[in-house]
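Visitor: Below is one structure. I have some questions about it.
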């Protein structure tokens, strides 16, 4: 029952659609597993980057939470570039093209700032223990 509660019912349905609709079902399944594995790797690297560097940046006055967000988001965005290469059937481990640097930097800046704000910035109610509003 747990697998059904977490969206696990979608896995057999997706497999069925790929097998029926694809001209090369084995290739498509391998590509999907590689993409899924790279996404897991990105999440793991993001957690590792935060635990090694981000937690030390977080206490920096004013900009610390945002820098920690950037550190946390950067590995995942970098892995996202690898996922896009898998989808486009390009070689994985080559130097990024110049056109990839600007979107990656923008995504790190936008999403890292947002994640730093949402996850690491202390709210007013947390900084004032005598506040009547429960945080």
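The values are calculated or read from the model by the stated rules, or taken from the named source; none is laboratory data. Predicted, not measured: the structure shown is a model, and the values here were computed from it. Every residue, glycine among them, receives a Cβ derived from its backbone with ideal geometry; neighbour counts consider all protein chains shown.
Visitor: Between a residue in the range 35-48 that is over 13 Å from residue 78 (Cα atoms) and any residue that is assigned to a helix (DSSP H, G or I), which pairs come within a Cβ distance under 9 Å, given they are 6 or more apart or on different chains?
Guide: Every condition considered, the pairs that remain are 35/83; 35/86; 35/87; 47/72; 47/75; 48/75.
Visitor: Just wondering, is there one or more residues in the range 45-66 that are at pLDDT 80 or above and closer than 30 Å to residue 27 by Cα?
Guide: yes
Visitor: A follow-up question, please. Does any residue of the range 4-15 turn out to be touching a helix residue (DSSP H, G or I) at 6+ places or on another chain (Cβ under 7 Å) and surrounded by 12 or more Cβ atoms within 10 Å (Cβ to Cβ)? Reasoning before the result, please.
Guide: Step one: list which residues in the range 4-15 are touching a helix residue (DSSP H, G or I) at 6+ places or on another chain (Cβ under 7 Å), which gives none.
No, the conditions are met nowhere in the range 4-15.
Visitor: Something else about it: Go through the range 55-85 and report how many residues are touching a residue at least 24 places away in the same chain (Cβ under 8 Å) and part of a helix (DSSP H, G or I).
Guide: Looking only at that region, the number is 19.
Visitor: Taking the range 87-100 on its own, how many of its residues are surrounded by 11 or more Cβ atoms within 10 Å (Cβ to Cβ) and within 20 Å of residue 46 (Cα to Cα)?
Guide: 3
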